[in-house]
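Report on one structure; see the data block that follows.
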Amino acid sequence: MRQIFLLVLLFVVGQWFVKALRRAQTQSRPGAQPGQGAQPGQGAQPGQGAARNADGGANGKAALPEPMVRCAECGVHAPRSESVNVGARSFCSSEHARAYDARTTAQDRPAR
Ligand SMILES: [Zn+2]
């Protein structure tokens, strides 16, 4: 009776690993095929999937720190994904990008 319980537990853990793997794949590649990682027969060999998943988790690819960029207008550091890039400069928001652009164009044409 205890063996059956262990088998069920292994199956559940295997399904959990498959789900975690699929989530990691869809996060890194939005265009990947979602049905590829779901194989019902994989529960028979949970050791292989577990070892592979542990390897990928040790690398910590999903937890990479995001590079920070400095706003050219106010000097605040913001993550690159949330920053606004205009030319070679980065800004914390589109408002500051516009303000910086207005300021520099005003400096270019002082007579007005
Ligand atoms: Zn700013």
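Every number in this text was worked out from the coordinates using simple rules, so none of it is lab data. What you see is a predicted model, and the numbers here were worked out from it, not measured in a lab.
How large is ³J(HN,Hα) for each residue in region 82-96, as worked out from phi by the Karplus curve 6.51 cos²θ - 1.76 cosθ + 1.60 (θ = phi - 60°), to whole Hz, x for Gly and Pro?
With coefficients 6.51, -1.76 and 1.60, one gets 9, 8, 10, 9, 10, x, 9, 9, 10, 9, 6, 7, 5, 4, 5 Hz.
Decide, for region 68-108, between rounded, prolate and oblate: order the square roots of the alpha carbon gyration tensor eigenvalues as a ≥ b ≥ c, take rounded if a/c falls under 1.5, and otherwise choose prolate if a/b is larger than b/c, else oblate.
Details: a/c = 2.32, a/b = 2.13, b/c = 1.09.
It comes out prolate by the Cα gyration axes.
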